[in-house]
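Trainee: Below you will find the structure I want to go over with you.
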Amino acid sequence: MKILVTGGAGFIGSAVCRLLIETGDQVVNVDKLTYAGTLTSVADVSGSPNYAFVRADVADRAAIQAIFDTHRPDAVLHLAAESHVDRSIAGAGPFVETNIVGTYVMLDVALDYWRGLEGAAKDAFRFVHVSTDEVYGSLGAEGLFQETTAYAPTSPYSASKASADHLALAWFHTYGLPVVVSNCSNNYGPYHFPEKLIPLMILNGLDRRALPVYGDGANIRDWLFVDDHARALRTILQAGRPGEKYNVGGRNERTNLQVVQTICDLLDELAPSAQGSHHDLITYVADRPGHDRRYAIDAEKLETELGWRAQETFETGIRKTVEWYLARPDWWRPLREAYDGARLGLLTAKAG
Ligand code: NAD
């Protein structure tokens with residue numbers, strides 16, 4: 001299949017591009033290359049004859065139209081987004097532009113294109129809209145997010161993703177575009193931008209800098225190894241039913257403090273420091289405004305209907321991740337130098 005992947009220079013998108021090239025598909029990677037996108041993340045596959053890259057903004061209708069006309073994809077995996085909650089608190093504008101307007105443009109151009117297809121190509125076409133479990137809001141101590149859980153987003157990021165999910169399903173119900181929506185829990189793994197929790201802790205730990213834990217560290221996230229998410233998206237693309245939503249998660253609930261402590265254990269083992277245990281670097285800082293307490297995903301529909309299973313546990317995945325960061329300073333150092341690890345998203349820092 002020829003698959004148009006948006007956001008393929010980002011964390012999850014690059015894992016998707018690597019997987020699709022490995023499985024013999026053709027990839028057209030469309031990415032604006034914002035601060036979060038780097039072509040070094042797809043260096044392993046960019047020499048493949050099955051891979052093409054186009055730098056474009058998903059909110060630029062003329063550019064997206066031209067890409068559909070030129071490349072004539074069999075399917076779309078739409079991942080391009082502004083993705084960092086802290087940045088959305090500091091300034092929501094790019095989140096509205098990319099996540100809402102950009103998704104609208106992608107859907108609308110895809111609809112025109114799909115209407116022009118015929119026969120088997122039209123039947124097989126899919127638009128997979130990649131979203132997050134954060135659209136469901138916060139859970140109490142019990143329960144899991146189901147596909148039927150009502151939306152209750154709390155941050156500018158999750159509100160923009162929720163808007164995009166509603167648009168995507170509206171393009172199915174109203175116009176018949178074969179859209180499938182996926183809602184995934186927190187991802188981690190190689191090529192994760194250095195300002196996100198897990199890589200930030202690994203790299204600060206290596207630099208012997210403070211490991212800032214928000215609030216009391218008891219917020220719970222359900223962690224999924226990025227390659228498991230990439231496999232889930234390929235499964236959903238191939239077998240997901242149009243108009244349906246699929247939750248993606250690996251039953252790996254951990255408090256933020258447990259995550260940081262696990263990273264400290266691994267750094268103590270794999271990169272011991274004469275200056276003492278990495279645990280000594282943990283510091284508690286002001287909580288994120290509106291910080292959702294707990295996310296946890298029920299992925300049973302994806303598992304029973306489509307046969308997907310996460311292959312990594314948190315223990316196996318986090319070890320692979322720490323080992324990867326230890327081995328790949330060539331990837332993260334330039335990004336780390338551009339971003340100094342400063343705190344983002346405190347209300348005092350809100351820009352407009
Ligand atoms: P990321 O920030 O690492 O990558 C986003 C990519 O999109 C970057 O390459 C960036 O350059 C590109 N991009 C941004 N704005 C663009 C625009 N206007 N036009 C074209 N390209 C643009 O994000 P990620 O963590 O890889 O997330 C990918 C998708 O998966 C997002 O839609 C996100 O909401 C969703 N998601 C992420 C997680 C997670 O834990 N990271 C979990 C569930 C769902």
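The values are calculated or read from the model by the stated rules, or taken from the named source; none is laboratory data. The structure displayed is predicted, hence computed values, not measured ones. Note that each Cβ is placed from the backbone with ideal geometry, even for glycine, and that neighbours are counted across all protein chains shown. In case anyone asks, the SASA skips ligands and DNA or RNA and just uses the protein heavy atoms, side chains included. Shrake-Rupley method; radii C 1.70, N 1.55, O 1.52, S 1.80 Å.
Trainee: Amide H to amide H, which residues 5 or more places from residue 246 or on other chains are under 5 Å from it, using H placed in the peptide plane?
Mentor: Amide H to amide H, under 5 Å and 5 or more residues apart or across chains, residue 246 pairs with 181, 182, 183.
Trainee: Measure out, as a whole number of angstrom, how far apart the alpha-carbon centroids of the stretch 100-128 and the stretch 26-75 sit.
Mentor: 16 Å
Trainee: Are there chymotrypsin sites (Phe, Trp or Tyr not before Pro) in the stretch 24-81 that DSSP marks as loop and that have at most 11 other Cβ atoms within 10 Å, and which are they?
Mentor: none
Trainee: What net charge do the residues around residue 43 carry, taking every other residue with its C-beta under 13 Å from that of residue 43, with Lys and Arg at +1 and Asp and Glu at -1?
Mentor: Here the charged neighbours net out to 0.
Trainee: Working out 0.36 nm times the residue gap between residue 269 and residue 208, then minus their Cα-Cα distance, what length gain in nm do you get to one decimal?
Mentor: Here the answer is 20.5 nm.
Trainee: I would also like to ask the following. Solvent-accessible area per residue for the chain at a 1.4 Å probe radius, Å²?
Mentor: 39 Å²
Trainee: Can you say what percent of the DSSP beta bridges in the chain, counting only those with both residues inside, are antiparallel? Round to 5.
Mentor: Here the share of antiparallel DSSP bridges comes out near 10 percent.
Trainee: Considering the chain as a Gaussian network with a 10 Å cut-off on Cα pairs, which listed residue, 188, 175, 136, attains the greatest mean-square fluctuation?
Mentor: Its mean-square fluctuation being the largest, the pick is 175.
Trainee: In the stretch 45-136, how does Rg compare with the Kirkwood Rh, expressed as the Rg/Rh ratio over alpha carbon atoms?
Mentor: Rounded to two decimals, Rg/Rh equals 1.01.
Trainee: Within the stretch 298-337, whose backbone N sits under 20 Å from a point 7 Å along Cα→Cβ of residue 35?
Mentor: 331-337
Trainee: For the chain, modelled as a Gaussian network with Cα springs under 10 Å, which listed residue fluctuates most, 74, 31, 123?
Mentor: 123
Trainee: Put +1 on the Cβ of each Lys and Arg and -1 on the Cβ of each Asp and Glu in the stretch 197-352; which of 327, 237, 283 then has its Cα farthest toward the positive end of the dipole?
Mentor: 237
Trainee: Ignoring ligands, DNA and RNA, what percent of the accessible area of the stretch 170-215 is carbon or sulfur (1.4 Å)?
Mentor: 55 percent
Trainee: Mean-square fluctuation check for the chain, GNM, Cα pairs under 10 Å: which of 140, 215, 13 is largest?
Mentor: 140
Trainee: Right, another one. How much net charge surrounds residue 75 when only other residues with a Cβ under 13 Å from its Cβ are counted (Lys, Arg +1; Asp, Glu -1)?
Mentor: So the environment of residue 75 carries a net charge of +2.
Trainee: Rounded to the nearest 0.05, what FRET efficiency is calculated for residue 118 and residue 60 with R0 set to 22 Å and r the Cβ-Cβ distance?
Mentor: Efficiency computed from Cβ-Cβ geometry: 0.20.
Trainee: In straight Cα distance, which lysines are under 26 Å from residue 320, not counting same-chain residues fewer than 8 positions off?
Mentor: Of all the lysines, those that pass the test against residue 320 - Cα under 26 Å, at least 8 places apart if same chain - are 196.
Trainee: Pulled fully out, how much extra length does the chain show between residue 327 and residue 304, if you take 0.36 nm times their separation in residues and subtract their Cα-Cα distance?
Mentor: Result: 4.6 nm gained on full extension.
Trainee: I'd like the distance between the alpha-carbon centres of the stretch 137-179 and the stretch 252-313, rounded to an integer number of Å.
Mentor: What the calculation gives is 24 Å, centre to centre.
Trainee: Next question. Can you tell me the dipole magnitude for the chain around its Cα centre, using point charges on the Cβ only (Lys, Arg +1; Asp, Glu -1), in Debye to the nearest 20?
Mentor: 400 debye
Trainee: So how tilted is helix 256-270 from the main axis of the chain? Cα-based, degrees 0 to 90, rounded to 10.
Mentor: The two axes meet at around 70 degrees.
Trainee: Compute the acute angle (0 to 90°) between the alpha-carbon long axis of helix 61-71 and the principal axis of greatest extent of the alpha-carbon atoms of the chain; round to the nearest 10°.
Mentor: Result, in degrees: 70.
Trainee: Pull out the extension gain between residue 280 and residue 313, defined as 0.36 nm times the separation in residues minus the alpha carbon to alpha carbon distance; nm, one decimal.
Mentor: That pair, residue 280 and residue 313, stretches by 9.2 nm at full extension.
Trainee: Which values of log₁₀ I(q)/I(0), to two decimal places, follow from the Debye formula for the stretch 216-322 at q = 0.24 Å⁻¹ with a uniform point scatterer at every Cα?
Mentor: Reported log10 I(q)/I(0), two decimals: -1.24.
Trainee: Given charges of +1 on the Cβ of Lys and Arg and -1 on the Cβ of Asp and Glu, with all other atoms neutral, how large is the dipole of the stretch 24-125 about its Cα centre, in debye to the nearest 20?
Mentor: The calculation lands at about 100 debye.
Trainee: Along the positive direction of the dipole of the chain (beta-carbon charges: Lys, Arg +1; Asp, Glu -1; about the Cα centre), which of 95, 139, 168 reaches farthest?
Mentor: 95
Trainee: List the trypsin sites (Lys or Arg not before Pro) within the stretch 146-232 that fall in a DSSP loop (any state other than H, G, I, E or B) and whose Cβ has at most 14 other Cβ atoms within 10 Å.
Mentor: 208, 209
Trainee: Also: Mind giving me the nanometre distance, one decimal, between the label points for residue 244 and residue 337, set 7 Å out from Cα along Cα→Cβ?
Mentor: Once both label points are built, they end up 4.8 nm from each other.
Trainee: Kindly give the semi-axes, whole Å and largest first, of the ellipsoid equivalent to the stretch 280-346, taking each as the square root of 5 times a Cα gyration tensor eigenvalue.
Mentor: 30, 22, 13
Trainee: May I ask for the angle, rounded to the nearest 10°, between helix 156-175 and the longest principal axis of the chain, with both axes built from Cα atoms and the value confined to 0 to 90°?
Mentor: The angle comes out near 20 degrees.
Trainee: If you don't mind, there's one more thing I want to ask. When every alpha-carbon pair in the chain is counted, what percent end up more than 38 Å apart?
Mentor: More than 38 Å apart: 13 percent of the Cα pairs in the chain.
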